[in-house]
1. Is the range 93-109 home to any residue that is of a type in the set (Val, Ile, Thr), closer than 25 Å to SER20 by Cβ and open to solvent by 70 Å² or more (accessible area, probe 1.4 Å)?
2. Of all residues in the range 147-183, count the ones that are more than 18 Å from ALA207 (Cα to Cα) and among the aliphatic types (A, V, I, L, M).
3. Specify the residue that is farthest from THR216 (Cα to Cα); the eligible residues are those in the range 6-42 that are free of Cβ contacts under 8 Å to residues at least 40 places away in the same chain, open to solvent by 70 Å² or more (accessible area, probe 1.4 Å) and more than 23 Å from the chain's Cα centre (by Cα).
4. Does any residue in the range 147-173 that is at positive phi come within less than 8 Å, Cβ to Cβ, of a residue that is at pLDDT below 90 and surrounded by 15 or more Cβ atoms within 10 Å (Cβ to Cβ) six or more places away or on a different chain, and which pairs are these?
5. Exactly one condition in (1) on the phi > 0 side of the Ramachandran plot; (2) open to solvent by 30 Å² or more (accessible area, probe 1.4 Å); (3) not acidic (Asp, Glu) is not met by GLY191; state its number.
6. Can you tell me which residues in the range 201-217 are touching a residue at least 40 places away in the same chain (Cβ under 8 Å) and assigned to a helix (DSSP H, G or I)?
Amino acid sequence: ATPDRDGRGWRLNGQKTWSSRAAYADWCFGLFRSDPESERHRGLTYFMLPLDSEGVTVRPIAQLDGEHGFAEIFFDDVYVPSDGVLGGVGHGWKVAMATTSSERGLTLRSPGRFMATADRLLELASGSDDQGLRDAAARAWCDSDAYRLYTFYAAARLSEGIELGADSSLMKVFWSELDLRMHELALELLGPHAPAASPWLDGFLFALAGPIYAGTNEIQRNIVAERVLGLPR
C-alpha cells in the first residue's frame, strides 16, 4: 500500500489467494504493508474496499464439493480513500488480531447451525439398533449445546468490554472438530448405502475444511498451550 499523490487515499497492489467467500462478496478487507521499511507485525494497515473497484480482479476457486468458497483477489493499483482505513495507519495488526479472535470465537459458526445439525443427528440415530452410535449422537447434542452456551458467555464478555483473546482458539478447535465428528457419525449411521446426494455427505465434505480455515487447529493448539495454559514455546 502506498499513499496516493493527492494525499487523500491509498493505492493497493498485491494478491491474496485464499479469500473466503470473495466469489460472492461485495466488499473485502485486507492487511497491507503501508511502511516498506517495516518488518513482521509493524507497519501494516487494515483496509476495507468494494470488490468492484477499478483494478480488482476476483478469480473463484472451486472446492472439492464444487462450491466456490474461496477466490483469488488481485489488486492492481487500486485506489482506496482514506476513510477505507480501519483502526489507523500502521495499526493494522491489532485490528487483524481482533478480527480473527471474533471470527474464531464468536461470528464464524453460529450456535443455531450446530444445534440444528445435532437435532437432525438425534433423529437419524433414533432408528439405529447400535447403542454406541445412539450414545455418540447424544454426546454430540450435549457438545453442541455446550458450544451454544459458551458463545453466549463470549458475547456477554464482549458486551462488558472484555476481549476474547486466546480463548477464541479454544472455541475454534472445539466447533470445527465437533462439526466433523457429527458428520462422520451421520455417515456411519447411514452406512454404505447412503445416497450420493445426501445433505450429510455435502456437510461432511465442507466440515473437512473446518480444522484448516480460520487458522489451522495445529496453530490454535499452540496458541492455547502458550497463551492460555502458559506452557513454554
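The values are calculated or read from the model by the stated rules, or taken from the named source; none is laboratory data. Computed from a prediction, not measured in an experiment: that's the story for all the values here. With ideal geometry, Cβ positions are generated from the backbone for all residues, glycine too; neighbour counts draw on all protein chains shown. Heavy atoms of the whole protein, side chains included, go into the accessibility calculation; ligands, DNA and RNA do not. Shrake-Rupley method; radii C 1.70, N 1.55, O 1.52, S 1.80 Å.
1. Residues of the range 93-109 of a type in the set (Val, Ile, Thr): 95, 99-100, 107.
Filter once more, so that each one left must be closer than 25 Å to SER20 by Cβ: 95, 99-100, 107.
Retained after the next criterion (residues that are open to solvent by 70 Å² or more (accessible area, probe 1.4 Å)): 107.
Yes, that holds for at least one residue.
2. 8
3. Here the answer is ASP6.
4. Hits for this filter: GLY165/SER101.
5. (2)
6. ASP202, GLY203, LEU205, PHE206, ASN217, listed by residue number.
Matching residues to (1) assigned to a helix (DSSP H, G or I); (2) touching a Pro at 6+ places or on another chain (Cβ under 6 Å):
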| position | (1), (2) |
| --- | --- |
| ALA137 | yes, no |
| ARG148 | yes, yes |
| ARG157 | yes, no |
| GLY165 | no, no |
| MET171 | yes, no |
| PHE174 | yes, no |
| ASP179 | yes, no |
| ALA186 | yes, no |
